[in-house]
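Asker: Here it is, the structure in full.
The values are calculated or read from the model by the stated rules, or taken from the named source; none is laboratory data. Predicted, not measured: the structure shown is a model, and the values here were computed from it. Here Cβ is always computed from backbone atoms with ideal geometry, including for glycine, and neighbour counts include all displayed protein chains. These accessible areas exclude ligands, DNA and RNA; they are computed on the full protein's heavy atoms, side chains included. Shrake-Rupley method; radii C 1.70, N 1.55, O 1.52, S 1.80 Å.
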Amino acid sequence: MAMAVLRREGRRVLLSSPSPAAAMAARSPAVSQPEIAPLGARSISTQVVRNRMKSVKNIQKITKAMKMVAASKLRAVQIRTENSRGLWQPFTALLGDAPNVDVKKNVIVAITSDKGLCGGINSTSVKVSKALHKLTSGPEKESKYVILGEKGKVQLIRDSKQSIEMTVSELQKNPINYTQIAVLADDILKNVKFDALRVVFNKFESVISFKPTMTTILSPEVMEKESESGGKVGDLDSYEIEGGETKSEILQNLTEFQFSCVLYNGALENACSELGARMSAMDSSSRNAGDMLDRLTLTYNRTRQASITTELIEIISGASALEG
């Protein structure tokens, strides 16, 4: 009976005996974990946090600088934008505005920016343009895009590539002036056939507010028909025409000048909205970077304090072991 118990206990001892690796580790002298770890393994966490803090600080400097640049440009563009509003408003009083006019050939002129980091102004223009394209398309209707700005082109080319008639980039590379816009408007009128031009842009209201706006310019033929049928377009016959020009020639000149004035004001309004949105976006980014920096500083201090505490515990434990 005693021998059977001894055999069972012997089997238990054999089953629970340490592995050769464990036995080798037990025979070898005690080595602390930091010594067998790679060089700098103990401080790797604080090093990562420190690098992250440095990156966030650099990003914060960039966003602050971009906000200052946008603020410095905004005031000058805002003054020019307010002055340009007086150019196209008399046309609305003279010819009226017909946003709901039903024509066969519609051309949507979407004004966007070439650069990003300016909030949602480009997405707003693209959404309004897509909605207009959907409303003005049909079995017997044709709707095309003329896109001003690289950001609008990138978004609309994904699902409306066949409908894009013309694209223009780097419109704001130089300060916008009327001569530049007049040449562009003349180029659009020569290369694009239309019954109605619908200019979509963001109207500047404040630094944090802009309003999607659409202005309609009718072709001389449609304008004459609307005038004769007593539509929403103003009655031009009530005005006295001086000179030898016919009514068709006057309507042609008025259409060209109206389109160039609307396009000039729309480009300035959109540029002003872009700068205001960029100021707001960069201000939010700077604040978020500051908040992230505060959290990273707290994490870094906690990690460093934990590392110091661990080292002190190891030193005290080693000293106690030597004394004991």
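Asker: What spacing in nm lies between the two simple spin-label points modelled at Q89 and I157, each 7 Å away from Cα in the Cβ direction?
Answerer: Spacing of the two 7 Å Cα→Cβ label points: 3.8 nm.
Asker: Using r as the Cβ-Cβ distance of R302 and S206, and R0 as 51 Å, what FRET efficiency do you calculate, to the nearest 0.05?
Answerer: Efficiency computed from Cβ-Cβ geometry: 0.75.
Asker: If you don't mind, another one. Once you put a point 7 Å from the Cα of D294 and another 7 Å from the Cα of R50, both along the Cβ direction, what distance in nm separates them?
Answerer: 2.5 nm
Asker: Nearest 5 percent is fine: what portion of the DSSP beta bridges confined to the stretch 72-175 is antiparallel?
Answerer: 10 percent
Asker: According to the Cα gyration tensor, what semi-axes, each the square root of 5 times an eigenvalue, does the equivalent ellipsoid of the stretch 108-239 have, listed from largest to smallest in whole Å?
Answerer: Equivalent-ellipsoid dimensions as semi-axes: 27, 18, 16 Å.
Asker: Roughly how many nanometres apart are two label points built 7 Å out from the Cα toward the Cβ at E323 and M68?
Answerer: 5.8 nm
Asker: May I ask you to derive the FRET efficiency for N191 and E140 from their Cβ-Cβ distance with R0 = 25 Å, giving the value to the nearest 0.05?
Answerer: Taking R0 as 25 Å, the efficiency between N191 and E140 is 0.60.
Asker: Using only protein heavy atoms and a 1.4 Å probe, report how much of D195 is accessible, in Å² to the nearest 10.
Answerer: Spelled out: D195, probe radius 1.4 Å, area about 40 Å².
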